[in-house]
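Just below is one structure, and these are the notes that go with it.
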Amino acid sequence: MSTKSVVERIQGKLDTVTKRWWLYPLILLLFFIPSYASKGYDQRESLDLIGQALSDPLIYTFPVLMPIAKAIPAVLIAGLIVLGNRIRRVFNGYVAFLYVALACLQTTAQTGTYGFVLLSGNLALVLVVALVWIWEVVAERNDFTPQRQPLWKWWVVPLAIVAFLAPVDASTMSPDFSPVRLLTNESGLTYCMMTPVILAVLTLFHPSVNRAVLRVSSFVGIIFGAVNMAVWFFVKPSGWWMGVLHIPLLVVSVYAFVLAHLRVKRGTEELQIWSENRPARS
């Protein structure tokens, strides 16, 4: 069996599995894997433990990378617009690498209260996203050939820009529109800010993208988006601005998830959730 046949077979199975409703409760269950702390902790301290870990994860120990992590995706997205598939593998590879880095370094932290902390549920979810993107590097199903899209599809761009710039002072959770801060903050090294950007790119090239990757990536985005809405608007309303900055994650993820389940037929899109066997509309 040729390599191409193997790739086609695996991609076919992935397409089939990601259309099944039961996959998504299983992915959701990963979020509830208990976190680890080297000094131990009471389950009632979980929210504080998570807050301390996410406020200063290991990935933030490399501040020199923050402006670089801003520049690289901006250059790659511009490259997709100009060069299309000639830089497809570079784009796919960077996204896969980014998610692996975020899985390993944004879900871990060295805290004074709890020692070394591993947010196991977050790690598992981001790794799932990283794995499907690693597969896309092999399968190359994303087709970034320039194509004319209807104007309404561009509504995701402003939300992606807000997430990418992330105008916030992380120490005070307040708005910060300083130009220097916008270009050098940590958003390029965070799952919640980069995922709307990546999903926005895929939606603008839909339907010629790997829809299995789009389904999984967007569903995990919905989980994190919904959790952040609850945290910043209800549990810790004093950080409401962080809630605002997570709106792109939730909204773009929901849109991408629905879009990923549209059945494309004869140049039209009709909603067909979960099963290819559902009768098409006449």
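The values are calculated or read from the model by the stated rules, or taken from the named source; none is laboratory data. In this text the structure is predicted, and so the values were computed from the model without any measurement. FYI the Cβ positions are ideal-geometry reconstructions off the backbone, even for glycines, and counts take in every protein chain you see.
Of everything in segment 134-160 that's closer than 24 Å to Thr3 by Cα and without any contact (Cβ under 8 Å) to a residue 60 or more places away in the chain, which residue is surrounded by the fewest Cβ atoms within 10 Å (Cβ to Cβ)?
Here the residue is Glu140.
Yes or no, residue by residue, for (1) over 19 Å from the mean Cα position of the chain (by Cα); (2) surrounded by 14 or more Cβ atoms within 10 Å (Cβ to Cβ); (3) at pLDDT 95 or above:
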| position | (1), (2), (3) |
| --- | --- |
| Leu30 | no, yes, yes |
| Ser35 | yes, yes, yes |
| Ser55 | no, no, no |
| Thr61 | yes, no, no |
| Val64 | yes, no, no |
| Ile72 | no, yes, yes |
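Scan segment 150-158 and give yes if some residue there is modelled with pLDDT under 95 and assigned to a loop (DSSP other than H, G, I, E, B), otherwise no.
yes
Quick check: is even one residue across segment 183-193 among the hydroxyl-bearing types (Ser, Thr, Tyr), surrounded by 14 or more Cβ atoms within 10 Å (Cβ to Cβ) and at pLDDT below 95?
yes
When segment 74-89 is examined, which residues are found to be surrounded by 15 or more Cβ atoms within 10 Å (Cβ to Cβ) and touching a helix residue (DSSP H, G or I) at 6+ places or on another chain (Cβ under 9 Å)?
Those that are surrounded by 15 or more Cβ atoms within 10 Å (Cβ to Cβ) and touching a helix residue (DSSP H, G or I) at 6+ places or on another chain (Cβ under 9 Å): Leu76, Ile77, Gly79, Leu80, Ile87, Arg88.
Need pairs with beta-carbon distance below 8 Å; first residue within 23 Å of Ala74 (Cβ to Cβ) and within segment 200-219, second among the small types (Gly, Ala, Ser) and surrounded by fewer than 22 Cβ atoms within 10 Å (Cβ to Cβ); sequence gap 6+ or separate chains.
Asn210/Ala139
Looking at Ala163, Ala212, Ala226, which one is buried (at least 21 other Cβ atoms within 10 Å of the Cβ) and over 27 Å from Pro67 (Cα atoms)? Can you show your working first?
Details: Ala163 fails: over 27 Å from Pro67 (Cα atoms); Ala226 fails: buried (at least 21 other Cβ atoms within 10 Å of the Cβ).
After applying the criteria, what remains is Ala212.
Checking Gln110 against (1) in contact with a Pro (Cβ under 6 Å, 6 or more places away or on another chain); (2) surrounded by fewer than 18 Cβ atoms within 10 Å (Cβ to Cβ), only one condition comes out false. Which one?
Condition not satisfied by Gln110: (1).
For segment 122-133, state whether one or more residues are in contact (Cβ under 8 Å) with a residue 40 or more places away in the chain, farther than 22 Å from Thr184 by Cβ, of a type in the set (A, V, I, L, M, F, W, C) and not in a helix (DSSP H, G or I).
Scanning segment 122-133 turns up no residue that is in contact (Cβ under 8 Å) with a residue 40 or more places away in the chain, farther than 22 Å from Thr184 by Cβ, of a type in the set (A, V, I, L, M, F, W, C) and not in a helix (DSSP H, G or I).
Going through segment 97-107 one residue at a time, which ones are buried (at least 21 other Cβ atoms within 10 Å of the Cβ) and either free of Cβ contacts under 8 Å to residues at least 24 places away in the same chain or part of a helix (DSSP H, G or I) (or both)?
Leu98, Tyr99, Leu102, Ala103 - these are the residues of segment 97-107 that are buried (at least 21 other Cβ atoms within 10 Å of the Cβ) and either free of Cβ contacts under 8 Å to residues at least 24 places away in the same chain or part of a helix (DSSP H, G or I) (or both).
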